[in-house]
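The values are calculated or read from the model by the stated rules, or taken from the named source; none is laboratory data. Values in this document were obtained by computation on a predicted structure and should not be read as measured data. Cβ: placed from backbone, ideal geometry, glycine included. Neighbour counts: every protein chain shown.
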Amino acid sequence: MLKNIDPRLNADVLHCLRAMGHGDTLVISDTNFPSDSVASHTITGELLRMDNLTAPQTMNAILSVFPLDTFVDDFAGRMQVVDAPDDIPEVQAEVQAEIDKAEGKSRPMIGIERFDFYDRARDAYAVIQTGERRFYGCFIIRKGVIGPEE
């Protein structure tokens with residue numbers, strides 16, 4: 001155990017989050033996403049897991065140490081529902097609430113069409129598969145920066 005580190009963040013995930021740089025993207029996927037095959041194309045080349053957590057629980061743990069990019073509109077994206085791109089499933093609303101809580105304000109995620117999401121995911125730094133079983137529990141977040149001490 002480490003002080004002030006969320007115990008839900010395992011060693012592999014912490015290593016990945018620390019190694020990522022400004023602008024790198026991270027995929028947080030549900031159990032139905034083709035995580036292993038997509039992860040083989042990423043920078044890390046292998047799938048990371050947080051199997052025992054929902055997507056909102058995973059996002060909460062990650063955002064406890066991970067700054068979101070403040071310079072771009074696509075700091076966070078959600079996979080759009082097929083044939084209903086404006087629908088926001090409950091899992092996505094819950095993840096949006098975690099982002100808003102971490103940011104201290106409302107910053108809506110962008111919607112990403114399903115096949116565009118797959119393409120962007122292959123270009124990501126890494127994929128973390130969660131235990132989320134609800135459909136459309138797939139997200140991409142972009143790492144920001146931590147400024148110098150004042």
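Points to keep in mind about this one:
Per-residue answers, yes or no, for (1) among the hydrophobic types (A, V, I, L, M, F, W, C); (2) closer than 24 Å to Gly144 by Cβ:
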site	(1), (2)
His22	no, yes
Ile43	yes, yes
Thr58	no, yes
Leu63	yes, yes
Val72	yes, yes
Gly77	no, yes
Asp87	no, no
Ala93	yes, yes
Ser106	no, yes
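- Within the stretch 100-133, the set of residues being over 23 Å from Asp36 (Cβ atoms), more than 16 Å from the chain's Cα centre (by Cα) and not small (Gly, Ala, Ser) comprises just one member, Lys105.
- If you check Ala39, Ala55, Ala97, Ala76 for being farther than 19 Å from His15 by Cα, among the aliphatic types (A, V, I, L, M) and either more than 12 Å from the chain's Cα centre (by Cα) or at pLDDT below 95 (or both), only one passes: Ala97.
- Pairs with Cβ under 7 Å, 6+ apart, first in the stretch 7-21 and more than 17 Å from Thr42 (Cβ to Cβ), second of a type outside the set (D, E, K, R) and surrounded by fewer than 14 Cβ atoms within 10 Å (Cβ to Cβ): Pro7/Met1
- In the set (1) out of contact with any strand residue (DSSP E or B) (no Cβ under 7 Å at 6 or more places or on another chain); (2) without any contact (Cβ under 8 Å) to a residue 40 or more places away in the chain; (3) under 15 Å from Asp69 (Cα atoms), the condition left unmet by Ile110 is number (1).
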